[in-house]
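Trainee: Below is one structure. I have some questions about it.
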Amino acid sequence: MRLFPILAASLLALHGCAVERTVKTAPVVVGNVDLDMAIQDKILLHATAIDADGTVESFTWKLVEGPQGANPVLAPKTSKGDIVELQPGGVTGLYVLSVTATDDQGLTSDPDFVNVMLRPQTKAKLALSCTDGCVYSPNPEADEATELTIQAILTEADALGFSWTAALKRDPADPLTGEPVLTPNRDQLKVSVPRVARAATLTVHVSVAVAGGQPVTQVLSILVKNNLDEPPVVSLDWHLAPDSAAPASDVAILPGDAIHVTATASDPNGDPLTCEIKAAGVAVEITPSAADPCRVTVYPLEPGTLSLTATASTASPQASTDSAPLQMAIKPFAAETSGPSLTAVAVRDDGSVLAGGSAGQFYLYQGGQRLQFSAGGTTASAVALSHGRDPDTGMVGFADHGSLSRYNLKVGSQESSVSLPGPTATRALAAGSAGRIFAATDSGVLVYSAGGASLAQFLPTGGLNATAVTVGPNPKSTTGEGIVWYAEGANLYFQTGEDQTAWGTGKGQTATTVANPAITALAAGPAGEWDLWVATGPSNGGTGASSLLLFKNSLDPASGAVQLNGAQALLAQQGSVAVLAVEAAGRYQADVWAVAGGKLLRVSRAPINDVGNPRGVKELVLGGLGGASARGVAVAGRKVAVATNQGLLTVP
């Protein structure tokens, strides 16, 4: 066994080594911070200690030095004595105390000394004064954006330190946000006052630590006057009538579209404002709102880039600000290259266009191509495209004969003409419901029915030299048939249905008689608007006393009765209006396009930018035709087609 050798070796090792002992360390004590304060009956002092190799068991406080005549009492407040209460007995002066700590090994720390200066109670007085930058009237006032000097004056006490704060209370309507900047220097404060848009109150607060007493505070309120006039703030927003939000950038804006523009303007000082909205880049007409000078309706008269700016101004004091420019693109007319001379046109929603020209020619524009056809005769006087049950038939009428040339858009071929004996001139064509097409001729009203190969003729007793025809909605119809309006000279007639077999032998029901020489064109507004447009003027197209008459609410929606009261005369002296086309649906529903004297005209019925958005009536003469003379116009959806002496124009 090996136990003996191991045990012997262990004994020898112990015998040859000295025994080491651990040396204990005393704690370290930290007493209360020195105090300089007004005398009180009782003052609490405290101490802390750390013992690296044990625990602190007790603290001992002693009075080292005191004022003459003092007999203070030190009363421990805890079992260890780390907190002690000094009772000076009403004697002021310097008290020097020591504190030691004893640990669990009986070791005592070196003392730490605490100085307590007790001063007599004082009644310090503190005042604040604005010594620079203020006017007293009787209270202190200062201008905005100035530098102020605030002085603190302490009496009957010595100051140990100053603490400054300041706050600016603005009017809730003040849009500015700057804060005062403070630069303190003991008993003096420099204040940089910010700009204000309304009168504000600057409140300065100082707290002074006083020798021999409690801190004292004082507050000074200064009225900050709005003596500088901040300029107005203005920005522009827009939307297309009657939308309530700005349109996407890809929305097509056409010449004559009503654009609602609103300048959001405010004056930081609350001064009364005026607004002026200006346009550049293209010719426009601007209609201000009667209710708000910062709202207008802008009508661009030609294609191009329209730039709008708003100026907001105050009169007293005078100041103005321009908004950032607001730009939008007005779509141009697309013109065909080396186009034929056209006299009449019709368009449908898919963009297909049927147009008539001279020498009996007519043209189909479809799929980017122009197809030419000949029907004999001379100048085409009217074109129509059917819709409803038969949406694919196109008709062309001519000034020198009563037959109507047909084209089948679905098949893509010219079909045989249809005619009746008697008519020698076609003045106007209009699409009805269920594929019908009506023609105003010098010997009555002709009607072509969908899918037929012949015409029917309304030839009342005494004859009818029809100069214009249109078909408008009938609020009482249950079959979708509309009211047929037609004219002879200055007389306007109507039939309440499209079926000629029920028209009788008379000329129809008389609607009204106009004062001008002749009715040259008719157009009915869409369902819900019930407008009836009547173009008048000399039959030879001269200017004369021509005008466009608008009969608002031409039908009573409840009874369906015709009520042509109080016509509004528009576009006077533009020449006899030869053609009318009404937008049937969409954003600009009920707007009418017209041609007179080679010019393209438009009357906006969009809501104007005003309270309640009443229906507007704004007459416009449009440009951008590139020198071409307009002869006819048609609209379907937002597609507008214009027949000119230089070919076809379309927008967008």
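The values are calculated or read from the model by the stated rules, or taken from the named source; none is laboratory data. Bear in mind the structure is a predicted one, so any value in this text is a computation, not a measurement. In this analysis, Cβ positions are derived from the backbone assuming ideal geometry, glycine residues included, and neighbour counts consider all displayed protein chains. Only protein heavy atoms, including side chains, enter the accessible area calculation; ligands, DNA and RNA are left aside. Shrake-Rupley method; radii C 1.70, N 1.55, O 1.52, S 1.80 Å.
Trainee: Answer rounded, prolate or oblate for the range 334-389, using the Cα gyration tensor with square roots of eigenvalues a ≥ b ≥ c: rounded when a/c is under 1.5, else prolate when a/b is larger than b/c, else oblate.
Mentor: On the way: a/c = 1.97, a/b = 1.18, b/c = 1.67.
Oblate shape, in that a/c is at least 1.5 and b/c is the bigger or equal ratio.
Trainee: Among Ser559, Val603, Thr513, pick out the residue whose Cα is farthest towards the positive end of the charge dipole of the range 487-643, where Lys and Arg carry +1 and Asp and Glu carry -1 on C-beta, about the Cα centre.
Mentor: Val603
Trainee: Which is farthest toward the positive dipole end of the range 379-509 among Gly422, Ile437, Gly463, measuring Cα position about the Cα centre, with Cβ charges +1 (Lys, Arg) and -1 (Asp, Glu)?
Mentor: Projecting each Cα onto the dipole axis, the largest value belongs to Ile437.
Trainee: Continuing with this model, one more query. Apply the Kirkwood formula to the range 439-528: the hydrodynamic radius equals the inverse of the mean of 1/r over all pairs of different alpha-carbon atoms; give it in Å with one decimal.
Mentor: Values: mean 1/r = 0.0738 Å⁻¹.
After inverting the pairwise mean of 1/r, the radius is 13.5 Å.
Trainee: Moving on. Peptides 499-505, 43-49: what's the order by average Cβ count within 10 Å, highest mean first? Don't skip to the answer; put the middle values down first.
Mentor: Values: 499-505: 13.0, 43-49: 18.4.
Ranking the peptides 499-505, 43-49 by packing returns 43-49, 499-505.
Trainee: Pick out, from Cys294, Ala252, Gly632, the residue whose Cα sits farthest towards the positive end of the charge dipole of the chain, with +1 on the Cβ of Lys and Arg and -1 on the Cβ of Asp and Glu.
Mentor: Projecting each Cα onto the dipole axis, the largest value belongs to Gly632.
Trainee: What ³J(HN,Hα) values, in whole Hz, does the Karplus curve 6.51 cos²θ - 1.76 cosθ + 1.60 give for the range 500-509 when θ = phi - 60°, with x put for Gly and Pro?
Mentor: 5, 5, 9, 7, x, 9, x, 6, x, 7
Trainee: Please state, rounded to one decimal and in Å, the Kirkwood hydrodynamic radius that the range 358-451 gives when every pair of distinct Cα atoms enters the mean of 1/r.
Mentor: Evaluated on the range 358-451, it is 13.1 Å.
Trainee: Now for a different question. What residues have an amide H closer than 5 Å to that of Ala521, excluding those fewer than 5 places away on the same chain, when H is modeled at 1.01 Å from N in the peptide plane?
Mentor: Amide H to amide H, under 5 Å and 5 or more residues apart or across chains, Ala521 pairs with Ala535.
Trainee: Still on this structure: What pairs from Lys507/Lys618; Lys169/Lys190; Lys225/Lys278; Lys190/Lys225; Lys507/Lys599; Lys125/Lys225 go past 23 Å between their alpha carbons?
Mentor: Numbers: Lys507/Lys618 34 Å; Lys169/Lys190 18 Å; Lys225/Lys278 35 Å; Lys190/Lys225 18 Å; Lys507/Lys599 33 Å; Lys125/Lys225 30 Å.
Correct reply: Lys507/Lys618; Lys225/Lys278; Lys507/Lys599; Lys125/Lys225.
Trainee: Okay, moving on. Using only helices, what value at 222 nm comes out for the chain when you add -39,500 (n - 2.57) per DSSP H run of length 4 or more and divide by the total residues, to the nearest 500 deg cm²/dmol?
Mentor: Working: 1 runs with 13 residues, N = 652.
Counting only the DSSP helices, I get -500 deg cm²/dmol.
Trainee: Using the Karplus equation 6.51 cos²θ - 1.76 cosθ + 1.60 (θ = phi - 60°), what ³J(HN,Hα) coupling, rounded to whole Hz, does each residue of the range 115-125 give in order, writing x for Gly and Pro?
Mentor: Here the 3J(HN,Hα) series is 9, 10, 9, 10, 10, x, 4, 10, 10, 5, 10 Hz.
Trainee: Name the long-range amide H neighbours of Val282: under 5 Å, sequence gap of 5 or more, or other chain; modelled H, no Pro or chain starts.
Mentor: Ser307
Trainee: Related question: Quantify, in whole percent, the carbon and sulfur part of the accessible surface of the chain (1.4 Å probe; protein heavy atoms only). Working shown, then result.
Mentor: Numbers: 15470 of 29760 Å².
Summing carbon and sulfur atoms, their accessible area is 52 percent of the total for the chain.
Trainee: Right, something else. Rounded to the nearest 0.05, what FRET efficiency is calculated for Ala291 and Thr461 with R0 set to 56 Å and r the Cβ-Cβ distance? Show your work: numbers first, answer last.
Mentor: Details: r = 55 Å, r/R0 = 0.99.
Once rounded, the FRET efficiency stands at 0.50.
Trainee: Give me the angle, in degrees from 0 to 90, between the Cα long axis of helix 3-15 and the longest principal axis of the Cα atoms of the chain, rounded to the nearest 10.
Mentor: 70
Trainee: How charged is the neighbourhood of Pro288? Take every other residue with its Cβ under 14 Å from the Cβ of Pro288, and add Lys/Arg as +1 and Asp/Glu as -1.
Mentor: Result for the neighbourhood of Pro288: -1.
Trainee: Tell me, rounded to the nearest percent, the portion of alpha carbon pairs in the range 267-393 spaced more than 17 Å apart. If you can, show how the numbers build up before the last one.
Mentor: Working: 5713 of 8001 pairs.
Result for the distance tail: 71 percent.
Trainee: Can you tell me the equivalent ellipsoid semi-axes for the range 481-559? Use √(5λ) from the Cα gyration tensor, largest first, whole Å.
Mentor: On the way: eigenvalues 106, 55, 17 Å².
Working through the eigenvalues yields semi-axes of 23, 17, 9 Å.
Trainee: So, one more: At 20 °C and 1.002 mPa s, what whole-number value in µm²/s does Stokes-Einstein give for the translational diffusion of the chain, with Rh from the Kirkwood sum over Cα pairs? Before the final figure, lay out the partial values.
Mentor: Details: Rh = 33.7 Å.
Once the numbers are plugged in, D ends up at 64 µm²/s.
Trainee: Further question on the same structure: Nothing charged except the Cβ atoms of Lys and Arg (+1) and of Asp and Glu (-1): what's the magnitude of the dipole of the range 154-262 about its Cα centre? Round to the nearest 20 debye.
Mentor: Details: 7 positive and 12 negative charges, 111 e Å.
Roughly 540 debye, rounded to the nearest 20.
Trainee: Can I get the semi-axes of the range 58-118's equivalent ellipsoid? Compute them from the C-alpha gyration tensor as square roots of 5 times the eigenvalues, in angstrom, largest first.
Mentor: Working: eigenvalues 113, 30, 11 Å².
Working through the eigenvalues yields semi-axes of 24, 12, 8 Å.
Trainee: Based on the mean of other beta carbon atoms within 10 Å per residue, what is the order of 416-427, 389-400, 94-105, most packed first?
Mentor: Per-residue mean Cβ counts within 10 Å order the peptides as 389-400, 94-105, 416-427.
Trainee: Could you tell me which of rounded, prolate or oblate describes the range 401-477, using a ≥ b ≥ c as the square roots of the eigenvalues of the alpha-carbon gyration tensor, with rounded for a/c under 1.5 and, failing that, prolate when a/b is larger than b/c and oblate otherwise?
Mentor: Taking the square roots of the gyration eigenvalues as a ≥ b ≥ c, the range 401-477 is oblate.
Trainee: Once you charge only the Cβ atoms, +1 for Lys and Arg and -1 for Asp and Glu, what is the size of the charge dipole of the chain about its Cα centre, to the nearest 20 debye? Working shown, then result.
Mentor: On the way: 39 positive and 57 negative charges, 445 e Å.
Using Cβ point charges on Lys, Arg, Asp and Glu, the chain gives about 2140 debye.
Trainee: Further, regarding this structure: Rounded to whole Hz and in sequence order, give me ³J(HN,Hα) for the range 315-324 from the Karplus expression 6.51 cos²θ - 1.76 cosθ + 1.60, θ = phi - 60°, writing x for Gly and Pro.
Mentor: Taking θ as phi minus 60°, the curve returns 8, 9, x, 6, 7, 8, 9, 9, 6, 5 Hz for the range 315-324.
Trainee: Based solely on C-alpha atoms, express the radius of gyration and the Dmax of the range 420-575 in angstrom.
Mentor: Using the Cα atoms of the range 420-575, the pair Rg, Dmax is 15.0, 42 Å.
Trainee: Could I ask something else about it? What is the antiparallel percent of DSSP beta bridges lying wholly in the chain, to the nearest 5?
Mentor: 95
Trainee: Hey, another quick one. Could you tell me which of rounded, prolate or oblate describes the range 516-652, using a ≥ b ≥ c as the square roots of the eigenvalues of the alpha-carbon gyration tensor, with rounded for a/c under 1.5 and, failing that, prolate when a/b is larger than b/c and oblate otherwise? Mind dumping the intermediate values first?
Mentor: Details: a/c = 1.86, a/b = 1.29, b/c = 1.44.
It comes out oblate by the Cα gyration axes.
Trainee: Determine the dipole magnitude for the range 170-216: charges of +1 sit on the beta-carbon of Lys and Arg, -1 on that of Asp and Glu, nothing else is charged, the reference point is the Cα centre, and the result goes in debye to the nearest 20.
Mentor: Dipole size: approximately 100 debye.
Trainee: Within the range 79-186, list the trypsin sites (Lys or Arg not before Pro) lying in a DSSP loop whose Cβ has at most 13 other Cβ atoms in a 10 Å radius. Don't skip to the answer; put the middle values down first.
Mentor: Working: sites: Lys80, Lys123, Lys125, Lys169, Arg170, Arg186; in loops: Lys80, Lys123, Arg170, Arg186.
Here the trypsin sites (Lys or Arg not before Pro) that fit, given the DSSP loop and packing criteria, are Lys123, Arg186.
Trainee: Now a separate question. What share of all Cα pairs of the range 136-270, in percent, falls into each consecutive 10 Å distance bin?
Mentor: Going from the shortest bin to the longest, the percentages are 10, 28, 19, 14, 11, 9, 6, 3, 0.
Trainee: Another question, then. For a quick check: with amide H placed at 1.01 Å from N, whose amide H comes under 5 Å from Glu415's, ignoring anything fewer than 5 positions away on the same chain?
Mentor: Amide H neighbours of Glu415, under 5 Å, 5+ apart: Arg406, Tyr407, Asn408.
Trainee: Cβ under 15 Å from Pro340's Cβ, Pro340 left aside: what net charge do those residues give with Lys, Arg +1 and Asp, Glu -1? It would help to have the intermediate numbers written out before the result.
Mentor: Working: positive: Arg370, Arg631; negative: Glu336.
Here the charged neighbours net out to +1.
Trainee: Would you mind counting up the charge near Thr496? Only other residues with Cβ under 12 Å from its Cβ, with Lys and Arg at +1 and Asp and Glu at -1. Before the final figure, lay out the partial values.
Mentor: On the way: positive: Lys476; negative: Glu481, Glu498, Asp499.
Once positives and negatives cancel, what remains is -2.
Trainee: In addition: Given a 1.4 Å probe, how much area per residue of the range 57-210 is accessible, in Å²? Could you put the intermediate results ahead of the total?
Mentor: On the way: 8120 Å² over 154 residues.
Roughly 53 Å² per residue, with all protein chains present.
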